[in-house]
Amino acid sequence: MLKIWGRLNSHNVKKVAWLAEEIGVDYVRHDVGGQFGFPEDYAAKNPNRLIPTIEDAGLVLWESNAILRYVAAKYAPDLWPADPAARAAGDKWMDWQFSYADAQRDAFVNLVRRTPDARDMAAIAASAERAGQAMAILDRYLAETPWLSGDAFGIGDIPMGVYTHTWFTLDIERPERPRVRAWYERLMERPGFASQVMIPLT
Ligand SMILES: N[C@@H](CCC(=O)N[C@@H](CS)C(=O)NCC(=O)O)C(=O)O
C-alpha cells in the first residue's frame, strides 16, 4: 500500500493526495508536519524534514513533483504522456508552479496563517499583484489547449490546479482570467480535486 506522510492543509501534500484519489490507488495518508509535528524517525525518511514523503514497495521518496511523476509512471501512465514533447509541455507547468508559489506566498501566509492584527497589507497587495500577472501567462496558454497536460487531463495539471484553488479562494484583488476560471471549473468536477484540494485554507 502507498503511504503518504503529510498534513492535508499543505499545497504540496494536496498534490499527492489528489493524484492518489484520482487514480484509485490503495493508499493511506498520515498527518505529519505543521501542528502535527514529526515522528522521531521522520528525518531518516526525509532529511529536509518537509512534507510530503511517500513510501511504496520499499521506495522512500520526497519532493512532491517527483512523487507525482513516480506515482503516475507506476500506477497511471496515461496521466504522464510517453511522447517526449507532450510530456515536456506538462512538466514545464509542474516546475513553473514553484515560481508561481513565490508570487502567491505572501498573500497566503498573511491571510491564512496570521491573525488580522499581524497581517502585512502591503505585502498582501504586492503578492496579489504578482500572482494576478502570473495568471495572465497561464490564461494565454489555456487558449491553446484545454489542459496543462495537453489534450487530456494529466499530472501537468495537478500542481497549478492546487495553487489555482488557493488563488480563487484567497480574499484578494483578482483580475479576470477567463480561461483559468474555465479550467478551474473543470477541475472542480473531479472528485479527487473536490475531496483533497477544495478544503478550507488553514
Ligand atoms: N519542494 C518541496 C517543498 C516541501 C515543503 O516545503 N513542504 C512544506 C509544506 S507545503 C513543509 O514541509 N513545511 C513544514 C511543515 O509542514 O512542518 C516539495 O515540493 O515537496
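Take region 18-36 and flag every residue that is within 18 Å of K74 (Cβ to Cβ) and assigned to a loop (DSSP other than H, G, I, E, B).
Across region 18-36, the qualifying residues are G24, V25, D26.
Within region 1-11, how many residues turn out to be within 8 Å of the ligand (Cβ to nearest atom) and closer than 19 Å to L59 by Cα?
1
Against the definition (touching a strand residue (DSSP E or B) at 6+ places or on another chain (Cβ under 9 Å) and open to solvent by 40 Å² or more (accessible area, probe 1.4 Å)), how does R186 come out, yes or no?
yes
For the list (1) within 14 Å of the ligand (Cβ to nearest atom); (2) touching a helix residue (DSSP H, G or I) at 6+ places or on another chain (Cβ under 9 Å); (3) assigned to a loop (DSSP other than H, G, I, E, B), I need the number of the one condition that K15 fails.
Every condition holds for K15 apart from (3).
Filter region 37-59 down to the residues that are in a helix (DSSP H, G or I) and either surrounded by 13 or more Cβ atoms within 10 Å (Cβ to Cβ) or within 19 Å of the chain's Cα centre (by Cα) (or both) and list them by number.
Y42, K45
Looking only at residues in region 63-78 that are open to solvent by 30 Å² or more (accessible area, probe 1.4 Å) and assigned to a helix (DSSP H, G or I), which one is nearest to the ligand (Cβ to nearest atom)?
Per the criteria, the residue is A66.
Count, please, the residues in region 189-202 that happen to be of a type in the set (V, I, T) and open to solvent by less than 20 Å² (accessible area, probe 1.4 Å). Give the derivation first.
Keep residues of region 189-202 that are of a type in the set (V, I, T), which gives 197, 199, 202.
Adding the requirement that they be open to solvent by less than 20 Å² (accessible area, probe 1.4 Å) leaves 197.
Adding up the residues that qualify gives 1.
What do you reckon, is R140 farther than 18 Å from R105 by Cα and either among the basic types (K, R) or in contact with a Cys (Cβ under 9 Å, 6 or more places away or on another chain) (or both)?
So R140 fits the description; yes.
Residue by residue, here is whether (1) within 16 Å of the ligand (Cβ to nearest atom); (2) within 23 Å of R113 (Cβ to Cβ); (3) without any contact (Cβ under 8 Å) to a residue 24 or more places away in the chain holds:
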| site | (1), (2), (3) |
| --- | --- |
| H30 | yes, yes, no |
| G37 | yes, yes, yes |
| K45 | yes, no, no |
| E55 | yes, no, no |
| L61 | yes, no, yes |
| D83 | no, no, yes |
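The values are calculated or read from the model by the stated rules, or taken from the named source; none is laboratory data. Nothing here was measured: the structure is a model prediction, and the numbers come from that model. Note that we place each Cβ from the backbone using ideal geometry, even for glycine, and neighbour counts take in every protein chain shown. The accessibility values were calculated without ligands, DNA or RNA, using every heavy atom of the protein model including side chains. Shrake-Rupley method; radii C 1.70, N 1.55, O 1.52, S 1.80 Å.
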